[in-house]
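Participant: Take a look at this one; I'll ask things after.
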Amino acid sequence: MIEHWFRMRQQCGACGRDLERGERDYFIGSMMFNLVLAELLFAAVFVGIMLWQWPRVSWEAIQFGVPLGLLVAPAILFPVSKLVWLGFDLALRPDAASHH
């Protein structure tokens, strides 16, 4: 479904479904999923590193790694968040094409 890292195909390669609903600002929801996924991933990695290094946590590394991770994670998760949003939206608002 993903043509390029920052661009989805117009249609699904398996079923031919249009991947855009044709609504203005449709993928704003994917931005929300992107931020939530990035923050959850950050929290899991942060807690994991702290538990792994406890009681000698490298606070200096965390001080530089956290902002870098929070900048990189949304770009890495971008295609995933668009697909999650599409699946979530289709589950809640199926259209006529989903009944074929």
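Readers should treat all values here as calculations from the given coordinates under stated rules, not as data from a laboratory. Computed from a prediction, not measured in an experiment: that's the story for all the values here. Positions of Cβ are generated from backbone atoms using ideal geometry, with glycine treated the same way; all protein chains shown enter the neighbour counts.
Participant: Taking the Cα centre of the chain as the origin and placing charges on Cβ (Lys, Arg +1; Asp, Glu -1), which of Met32, Gly48, Ile76 is farthest toward the positive end of the dipole?
Facilitator: Gly48
Participant: Mind running the shape call on the chain? Use the C-alpha gyration tensor, a ≥ b ≥ c as the square roots of the eigenvalues: rounded below 1.5 for a/c, prolate if a/b tops b/c, oblate otherwise. Can you show the working numbers first?
Facilitator: Numbers: a/c = 3.31, a/b = 2.82, b/c = 1.17.
Verdict is prolate for the chain.
Participant: Also, quick follow-up: Hand me the GluC sites (Glu not before Pro) from region 1-44 located in a DSSP loop with no more than 14 other Cβ atoms within 10 Å, in residue order please.
Facilitator: On the way: sites: Glu3, Glu20, Glu23, Glu39; in loops: Glu20, Glu23.
Answer by residue number: Glu20, Glu23.
Participant: Follow-up question, since we're still on this one. For the pair Ala61/Tyr26, report the inter-label distance in nm, with labels modelled 7 Å from Cα in the Cβ direction.
Facilitator: 4.4
Participant: Sticking with this one: Using amide H atoms built 1.01 Å from N in the peptide plane, name the residues 5+ places from Gln11, or on other chains, whose amide H lies under 5 Å from its own.
Facilitator: Amide H neighbours of Gln11, under 5 Å, 5+ apart: Leu19.
Participant: Would you look at the GNM of the chain, springs on alpha carbons closer than 10 Å, and say which of Pro67, Pro55, Pro79 moves the most?
Facilitator: Highest fluctuation of the listed residues: Pro55.
Participant: Of the chain, which part is the longest with no chymotrypsin sites (Phe, Trp or Tyr not before Pro) in a loop (DSSP not H, G, I, E, B) and with at most 12 other C-beta atoms within 10 angstrom? It would help to have the intermediate numbers written out before the result.
Facilitator: Details: sites that count: Trp5, Phe6.
Answer from the scan: 7-100.
Participant: For region 23-100, which trypsin sites (Lys or Arg not before Pro) are in a loop by DSSP, counting at most 10 other Cβ atoms within 10 Å?
Facilitator: Details: sites: Arg24, Arg56, Lys82; in loops: Arg24, Arg56.
Here the trypsin sites (Lys or Arg not before Pro) that fit, given the DSSP loop and packing criteria, are Arg24, Arg56.
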